[in-house]
Amino acid sequence: MSNYEIIGLMSGTSLDGLDIAHVRFDFNNNSNDSFVLLNTYTVPIPDEILRKLMDAPNYSVAQMLMLDKEFGRFLAESVIKFINQNKIDKNNINAIASHGQTILHQPNNGFTLQIGCGSALSYLTDINVINDFRTKDIVAGGQGAPLVPIGDFGLFSDLAEGFLNIGGFANVSFKKEDTIVAYDICPGNLPLNKLAHAKNLEYDKNGELAKSGEINFFLLDLLNSLEYYLLDGPKSLGTEWIEEFYYPLLKFDKEIENNLRTVVEHTAIQISNVLNSAHLNSVLVTGGGAKNGFLVERIQHYFNGELILPEQKIIDFKEAMVFAYLGALYLDKRPNALSSVTGAQKNTIGGVFHLPG
């Protein structure tokens, strides 16, 4: 049996904070992997860094490198505070597994970029760091995403048949003829949050603003007709796609409630179409979108099976936990990216290892 204590870091495309999860994993060759979630915390991203992250796709190479180091220092400061507040014995931590912040994701062009300098993070915390989990899969011909499904089935397979995570994008994983299949379905919280910002709100709490609006059926048809939805998986979405194809269809200066209502309906339709076509009877829902009661209600309206909401910490920290798991798999020299999910030529052990010294 192998045991690992990992601190997982997840900063998603919706930029709603840095999730930190301290997890202990027990790997037994004769049974499923088990875990204990020891400590969790979400760190707000400072306004200055947040602004830079939002502008980063337009940065020069020099600006990008500077932000990479700055965000790495922020990650390190956050981990140090987390360790001190929870009185964690740093000597017990095998590694920090950091997703980093995705700035560019263009697998068809052969690259992806998650910033948050691993060398800075390792040196400043004096802890081993594993980051850049997606690149090797892309080198192997994959999409570099999604990576969470291996954690869905490695850690939570006793809870549901399928797994839906609604973060900046909504993604799904399920088994088809004993093979794990997963891909991004559609935008999730990104357009909902962007529309809420137009009303000076951080987000539409529980979907109340959307619930007050009316569906624009012309807009709904346009959204449902986007070419991405006709593609078979493996496939993945990035901010470049949403900026080019999705946002131009929306109005951010008027009819906000109606736009929100329409986007919620569109999201619910696209998600339920996938869940129903996979003939799933039960689906575990996590991510920030799981807290949007109206969105969950609309998905359940169309979905033939049962949506299951786990305990709050799993909803909030599942992705940080899974990246901790990817780090543990890396240390255990086991694949942490599945070719059946990403479309790569083979399963790979993704990640770059940084020693602190």
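The values are calculated or read from the model by the stated rules, or taken from the named source; none is laboratory data. Just so you know, these numbers come straight off a predicted model, no measurement behind them. Don't worry about glycine lacking a Cβ; one is built from the backbone with ideal geometry, like all the others, and counts go over all protein chains shown.
Miscellaneous remarks
- Top-ranked residue of the range 50-93 - restricted to ones that are small (G, A, S) and assigned to a helix (DSSP H, G or I), ranked as modelled with the lowest pLDDT: A56
- Here L284 fulfils each of the conditions (1) part of a helix (DSSP H, G or I); (2) within 16 Å of the chain's Cα centre (by Cα) apart from (1).
- Test: residue in the range 132-141 that is assigned by TED's automatic domain parsing to the domain that holds T42 and either under 16 Å from I7 (Cα atoms) or in contact with a Cys (Cβ under 9 Å, 6 or more places away or on another chain) (or both): yes
- A search for C-beta distances below 6 Å between a residue of the range 289-305 that is in contact (Cβ under 8 Å) with a residue 12 or more places away in the chain and any residue that is buried (at least 18 other Cβ atoms within 10 Å of the Cβ) and β-branched (V, I, T), counting only pairs 6+ apart in sequence or on different chains, returns G289/I166; A290/I315; L295/V264; R298/V264; I299/I271.
- The criterion of at least 3 residues that are buried (at least 21 other Cβ atoms within 10 Å of the Cβ) is met, among helices (runs of 4 or more DSSP H) falling completely within the range 289-345, by 293-302, 312-331.
- Annotation: of all residues in the range 227-250 being part of a loop (DSSP other than H, G, I, E, B) and loosely packed, with under 15 Cβ neighbours inside 10 Å, the one that is modelled with the highest pLDDT is L231.
- Test: residue in the range 104-125 that is crowded, with 21+ Cβ neighbours inside 10 Å, without any contact (Cβ under 8 Å) to a residue 40 or more places away in the chain and over 28 Å from E255 (Cα atoms): yes
- Of the criteria (1) at pLDDT below 95; (2) buried (at least 18 other Cβ atoms within 10 Å of the Cβ); (3) not assigned by TED's automatic domain parsing to the domain that holds V263, which one G167 fails: (3)
- When K235 is tested against (1) under 17 Å from P149 (Cβ atoms); (2) without any contact (Cβ under 8 Å) to a residue 60 or more places away in the chain; (3) not small (G, A, S), only condition (2) is not met.
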